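Here the structure is laid out as structure tokens; the discussion comes afterwards.
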Amino acid sequence: MKKIIIAAVAENGVIGRSNGEMPWKSKEEFQHFRNTTLGFPIIMGRKTFDSLGKPLAGRLNIVLSTKNDYIIANDDVKVFTDFQSALDFCQSQNFEKVFIIGGGVIFELAIKIADEMIISIMKFSAEGDVFFPQISEKKWKLLSKEERSEFTIFRYVRREHESKQN
Ligand SMILES: NC(=O)c1ccc[n+]([C@@H]2O[C@H](COP(=O)([O-])OP(=O)(O)OC[C@H]3O[C@@H](n4cnc5c(N)ncnc54)[C@H](OP(=O)(O)O)[C@@H]3O)[C@@H](O)[C@H]2O)c1
């Protein structure tokens, strides 16, 4: 099962605000996110889930919270108290891919274990206090760059997986 980070990052590295707000709205980027993730589980932090207001349709929404009493009564949502249990669950369901969709705290954990990253770099800076982690060129190989009008999509693979791609 491929573990794939998907994120939208402003030119200055900002991805959001710790009060849960997204600093921008881009229909084009949301469409790319939707097309890429539809049908697959999406793993997110509790703050990101709260900020969505409702589960994202057509995907199993997996929420990470450290609180045992954080319960969402919805068949499309599952809550786990640790990242590995969430990944093990997806593996047990035989999903081919799982997407890790943020926010900042979850990306910090995920960048250590993900196989691939799909990063939209927006063509503007944004005000915020949640940032995407530093991408190490030693660890991540850039596979492709795709221009869209409001952003550029950078696809990365973890260097130790390079040979499997060829
Ligand atoms: N631009 C993008 O691509 C993108 C994507 C997603 C989100 N965002 C933005 O990012 C911001 C939110 O990011 P954030 O860093 O503040 O919060 P976050 O990563 O969404 O959520 C953090 C929460 O996740 C839970 N958590 C963290 N580590 C955990 C672990 N190891 N095990 C279990 N649960 C764990 C905790 O929930 P509890 O407090 O309940 O324990 C923690 O408070 C928002 O502005 C959002 O809009 C941007």
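If we count every other residue with Cβ under 13 angstrom of Ser149's Cβ, Lys/Arg +1 and Asp/Glu -1, where does the sum land?
Here the charged neighbours net out to -2.
Ratio to report: Rg/Rh of region 115-166, with Cα atoms as the point set and Rh obtained by the Kirkwood method; give two decimals.
We get a ratio of 1.03 for region 115-166.
Please report the base-10 log of the normalised intensity I(q)/I(0) for region 1-58, using a Debye sum with one equal scatterer per alpha carbon and no solvent, at each q in 0.17, 0.26, 0.28, 0.30 (1/Å).
Each listed q corresponds, in turn, to -0.64, -1.48, -1.57, -1.56.
Would you compute, from DSSP H runs of 4+ residues alone, the mean residue ellipticity of the chain at 222 nm, taking -39500 (n - 2.57) per run and dividing by the full residue count, rounded to the nearest 500?
It lands at -6000 deg cm²/dmol.
How high is the relative contact order of the chain, given as a whole-number percent (alpha carbon pairs under 8 Å, six or more residues apart)?
Dividing the mean separation by the residue count of the chain yields 33 percent.
Hey, which lysines would be in cross-link range of Lys139, C-alpha to C-alpha under 21 Å, not counting anything within fewer than 8 residues on its own chain?
Result set, ordered by chain and number: Lys2, Lys3, Lys97, Lys112, Lys164.
I need the phi-derived Karplus couplings for region 12-23: 6.51 cos²θ - 1.76 cosθ + 1.60, θ = phi - 60°, integer Hz, Gly and Pro marked x.
Values, residue by residue: 8, x, 6, 10, x, 10, 5, 7, x, 6, 8, x Hz.
Need the C-alpha centroid separation for region 114-159 versus region 1-67, integer Å.
15
Kirkwood Rh, the chain, all Cα pairs: how many Å?
Averaging 1/r across every pair of different Cα atoms and inverting gives 16.3 Å.
All of the numbers you see were taken from the coordinates with simple rules; none came from a lab. A quick note: this is a predicted structure, and the numbers were derived from the prediction, not measured. Counting neighbours? That spans all protein chains shown, and the Cβs are built from the backbone with ideal geometry, glycine included.
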